[in-house]
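The values are calculated or read from the model by the stated rules, or taken from the named source; none is laboratory data. Fair warning: this is a prediction, and the values are worked out from it, not measured in the lab. FYI the Cβ positions are ideal-geometry reconstructions off the backbone, even for glycines, and counts take in every protein chain you see. Side chains included, ligands, DNA and RNA excluded: accessible areas come from the protein's heavy atoms. Shrake-Rupley method; radii C 1.70, N 1.55, O 1.52, S 1.80 Å.
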Amino acid sequence: MAPRGTVDAIQQNMGPVETMRDETLVYKSEIESHEAHSSHWWDLKGSMRPLHAMNKLRLPLIKDGLLATGRISESQAAKKTFLEGLRILDVGCGGGILCEALAQAGGYVTGVDPSGELIAVARQHATSLNVRPPTYVCDTIEHHSAQYPDHYDVVIASEVVEHVPNPESFMTGCVAALKPGGSLFTTTPNRTVLSWFGAIFICENVLKIVPSGFHSWKQFIHHPELMTMIRNKGCNVCKVRGMFYDPIRNKWSWCFTPTLMYAIHSVKAH
C-alpha cells in the first residue's frame with residue numbers, strides 16, 4: 001500500500017483553488033474554454049460524454065500495460081481493484097472523470113490541473129464516492145513534479161498534451177513525476193488530415209458533440225514526434241495503439257492505425 005504519509009503530504013500541499021495563469025506552461029484561452037463547460041462536466045449526455053465513454057478504453061489500456069510489464073499479476077488484474085497499492089497521477093484531470101474511475105479501481109489517485117474551477121468541480125463530485133477519493137491539486141505538472149519527483153507508479157496524460165503551449169516541458173514533467181520502472185500512458189489526437197476531419201470538422205462543426213473551438217489542429221502531435229519526445233525524456237516506448245471514436249454511438253474502440261488518435265504506453269528507464 002502507498003505510505004499514508006505521502007498521501008497526507010500531497011493533501012496538505014494542495015493549495016488554494018485558484019487557476020494557474022503562467023502563460024509559458026498553460027494557455028489561458030484553453031483553461032477558459034474548458035471552464036466554460038464546468039457545470040456540465042458530469043452530465044453523461046452533455047459535452048463531456050466522449051471523455052466519459054473513453055474510460056471504457058482507458059482503464060483496460062492501463063491494466064493491460066501494467067500486466068504486460070509485470071507491474072501487476074494475473075490475479076491482481078482479475079480484480080475490480082487492480083490498481084490497489086499503486087500511486088496514480090492523472091495530469092490535466094479536469095473535473096475528475098478519469099480520476100474517479102481510477103479510484104474505483106483501487107488506486108491512490110492524485111489529479112493535477114491548472115484550472116481552479118475544474119478542480120473545485122472534481123473535489124465536489126468526489127464527495128459522493130464510496131471509495132477513497134482522489135486528491136486534487138490545482139497546479140501544473142511542471143510544478144507538481146518538482147515537488148514530487150520519482151513519486152508515482154503510474155502517470156496518465158490523456159487528452160491533454162494537445163492543449164499545452166510547450167509539449168516538451170509538459171512531457172518532461174510527466175516523466176519526472178514517475179518512478180523508475182513506472183508506466184506512462186498518453187492518449188491524444190494525431191496530426192493528420194483525418195484527425196482534423198473527424199475531431200474538428202465532424203465532431204465540433206457538424207455533429208456539435210464536442211464544443212466548438214475545443215481543439216486546435218495545429219497543436220496536435222504526429223505520433224512519431226511524440227514517441228521521440230518520450231524516448232528523449234528517458235522512457236522506453238512499449239506499445240502504440242490506434243483509437244477510433246464513433247460519435248453516433250458514443251463509443252470508443254481500438255483500430256489498426258494511429259492515424260486518427262493514438263495511445264502510447266511507455267516505461268521510465270531504471
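Assign one of three labels to region 17-109, namely rounded, prolate or oblate, based on the Cα gyration tensor with a ≥ b ≥ c the square roots of its eigenvalues; rounded applies when a/c is under 1.5, prolate when it is not and a/b is larger than b/c, and oblate otherwise.
Prolate.
Could you look at the chain and say what percent of its accessible area is carbon and sulfur, using a 1.4 Å probe and all protein chains?
For the chain, the apolar C and S fraction of the accessible surface comes to 56 percent.
Would you work out which of 178, 258, 144 lies farthest towards the positive end of the dipole of the chain, given +1 charges on the beta-carbon of Lys and Arg and -1 on that of Asp and Glu, about the Cα centre?
258
In debye, nearest 20, what is the charge dipole magnitude of the chain about its Cα centre with +1 on Lys and Arg Cβ and -1 on Asp and Glu Cβ, if you could check?
Here the chain has a charge dipole of around 940 debye.
Specify the residue with the greatest mean-square fluctuation among 60, 50, 167, computed from a Gaussian network of the chain linking alpha-carbon atoms under 10 Å apart.
Result: 60 has the largest fluctuation of those listed.
Pick out which of 193, 26, 161 has the largest mean-square fluctuation in a Gaussian network model of the chain, springs linking Cα atoms closer than 10 Å.
193
Relative contact order of the chain: what whole-number percent is it, with Cα pairs under 8 angstrom and at least 6 residues apart?
Once normalised by length, the contact order is 19 percent.
Which Rg and Dmax, in Å, describe the Cα atoms of the chain?
Spelled out, the Cα radius of gyration and Dmax of the chain are 17.1, 50 Å.
If DNA, RNA and ligands are ignored and the probe is 1.4 Å, what is the ranking of 43, 153 by accessible area, most exposed first?
In descending accessible area the options line up as 43, 153.
Between 241, 123, 249, find the one with the highest GNM mean-square fluctuation for the chain; connect C-alpha pairs within less than 10 Å.
Of the options given, 249 has the highest mean-square fluctuation.
If the cut-off is a Cα-Cα distance under 17 Å, which aspartates and glutamates reach residue 218, setting aside same-chain residues fewer than 8 apart in sequence?
Counting by Cα, and skipping residues close in sequence, residue 218 has these aspartates and glutamates nearby: 30, 159, 162, 168, 204.
Which whole-number value in Å² is the accessible area per residue of region 91-164, probe 1.4 Å?
Accessible surface, normalised per residue, equals 27 Å².
Taking chymotrypsin sites (Phe, Trp or Tyr not before Pro) that fall in a DSSP loop and have at most 16 other Cβ atoms within 10 Å as cut points, what is the longest piece of the chain between them?
28-255
Could you list which residues have their amide H under 5 Å from that of residue 86, counting only those 5 or more apart in sequence or on another chain, with H placed in the peptide plane?
When sequence neighbours closer than 5 places are left aside, the close amide H contacts are 108.
When each pair of different Cα atoms in region 125-266 is counted once in the 1/r mean, what is the Kirkwood radius in angstroms, to one decimal?
This gives a value of 16.3 Å.
Within straight cross-link reach of residue 233, meaning Cα distance under 20 Å, which lysines are found once same-chain residues fewer than 8 apart are removed?
Within the straight-line cut-off, residue 233 pairs with 179, 268.
Quick one: of 28/56; 56/239; 56/80, which pairs are farther than 20 Å apart, Cα to Cα?
Over 20 Å Cα-Cα: 28/56.
Can you tell which of 220, 188, 65 lies farthest toward the positive end of the dipole of the chain, using +1 and -1 charges on the Cβ of basic and acidic side chains (Lys, Arg; Asp, Glu)?
Ranked along the dipole, the leading option is 65.
Report, in deg cm²/dmol and to the nearest 500, the calculated mean residue ellipticity at 222 nm for the chain, where each DSSP H run with n ≥ 4 adds -39500 (n - 2.57) and the sum is divided by the residue count.
Result for the chain: -9500 deg cm²/dmol, rounded to the nearest 500.
Ranked from highest to lowest mean number of other Cβ atoms within 10 Å per residue, what is the order of the peptides 52-59, 70-77?
Ranking the peptides 52-59, 70-77 by packing returns 52-59, 70-77.
For residue 244, what charge total do you get from the other residues with a beta carbon under 15 Å from its beta carbon, if Lys and Arg give +1 and Asp and Glu give -1?
The answer is +3.
How far is it, in nm, from the label point at residue 77 to the one at residue 239 when both lie 7 Å from their Cα along the line to the Cβ?
Result for the modelled spin labels: 0.8 nm.
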